[in-house]
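A short worksheet on the structure shown next.
The values are calculated or read from the model by the stated rules, or taken from the named source; none is laboratory data. Values in this document were obtained by computation on a predicted structure and should not be read as measured data. Note that each Cβ is placed from the backbone with ideal geometry, even for glycine, and that neighbours are counted across all protein chains shown.
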Amino acid sequence: MSAAVTAALACLVTAVAVTGCSDDGKTETSSADQLLDDANATMNALKSVTVDIVNRTTEDGELSTRLTTDLDDTCTFTSSGASGSRLEQIRIDGSDYVRPNRAYLEKFGKRRPGTGQQEHWIKTPASESVPGDGLAQCTYEFASFGEADEKGGPTEVDGIPATSLEVADGEDGSFTFSIAAEGKPYILKVVHKDDERVVTTSFSAFDEPLDVRPPDAAKVLDMTGAG
């Protein structure tokens, strides 16, 4: 975090601060920058998490994704589009199992005979996945950035008490962070808004055990070593 951002955040009047800023922009108690730092440290210490993202644009409608991951090399991922397209992924034991539905295949010009649902999974080595192929890598970067605007009051995320924090993105948009107000300071939700889109990212299932298994072998097309 830059010195300018730190100074701006530190000068916010926060619900938990008991003193104001000194002339050099420092506070003696917890401030907005400390809240973000503590939240990021908590998130970066996680061993597993579920990340739900909803991306709404004025042009393309809504795209949603869900990633449940150990933040290393095991995860499940689902991507759903406004047209009904859906892509499912399971990554486990060094392999990707991928199942696109019929609408997803048709979206990319790949038509299948028949009219029923596409139920087969395609198995490939996870090492063959490349950026831009639509698959999750199981890792996730927790980062807060931009210049702080203000710290809001109490709020709730799915019934969990939280504290909101407004952060400018340095361009034409802004972030609203909702950070758990009780227990560990998990980041519960981040909403980013600009002139073209609203992206809502929600976090849950903190450090809960993963139940990730390969799909039914009878429905797997093993493409390992092909092409």
> Can you name the residue in the stretch 86-105 that is surrounded by fewer than 19 Cβ atoms within 10 Å (Cβ to Cβ) and polar (S, T, N, Q) and, of all such residues, is modelled with the highest pLDDT?
Replying inline: SER95
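Filtering the stretch 70-85 down to residues that are outside any loop (DSSP other than H, G, I, E, B) and at pLDDT 95 or above, which residue is surrounded by the fewest Cβ atoms within 10 Å (Cβ to Cβ)? Talk me through it step by step, then tell me what you get.
Quick first cut of the stretch 70-85, residues outside any loop (DSSP other than H, G, I, E, B) only: 75-81.
Retained after the next criterion (residues that are at pLDDT 95 or above): 75-80.
Values: CYS75: 25, THR76: 21, PHE77: 22, THR78: 16, SER79: 20, SER80: 19.
Checked the stretch 70-85; the qualifying residue surrounded by the fewest Cβ atoms within 10 Å (Cβ to Cβ) is THR78.
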> For the subset of the stretch 31-69 comprising residues that are touching a Lys or Arg at 6+ places or on another chain (Cβ under 6 Å) and acidic (Asp, Glu), which member is surrounded by the fewest Cβ atoms within 10 Å (Cβ to Cβ)?
Replying inline: GLU62
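Taking the options ASP169, ASP158, ASP222, ASP207, name whichever one is in contact with a Gly (Cβ under 6 Å, 6 or more places away or on another chain) and touching a residue at least 24 places away in the same chain (Cβ under 8 Å).
ASP169
Which residue, of THR74, THR58, is in contact with a strand residue (DSSP E or B) (Cβ under 7 Å, 6 or more places away or on another chain) and of a type outside the set (A, V, I, L, M, F, W, C)?
Details: THR58 fails: in contact with a strand residue (DSSP E or B) (Cβ under 7 Å, 6 or more places away or on another chain).
When all the criteria are applied, what remains is THR74.
Yes or no: the stretch 159-167 includes at least one residue that is in a strand (DSSP E or B), modelled with pLDDT of 95 or more, among the hydrophobic types (A, V, I, L, M, F, W, C) and within 18 Å of ASP38 (Cβ to Cβ).
To start, the set of residues in the stretch 159-167 that are in a strand (DSSP E or B) comprises 160-167.
With modelled with pLDDT of 95 or more added as a condition, the list becomes 160-162.
Among the residues that remain, those that are also among the hydrophobic types (A, V, I, L, M, F, W, C) are: 160, 162.
Checking which are within 18 Å of ASP38 (Cβ to Cβ) leaves us with 160, 162.
The answer is yes; a qualifying residue exists.
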> Hey, does the stretch 115-123 have a residue that's loosely packed, with under 12 Cβ neighbours inside 10 Å and not in a loop (DSSP other than H, G, I, E, B)?
Replying inline: no
>> Exactly one of these conditions fails for ASP211: (1) exposed (fewer than 12 other Cβ atoms within 10 Å of the Cβ); (2) closer than 21 Å to SER64 by Cβ. Give me its number.
In response: (2)
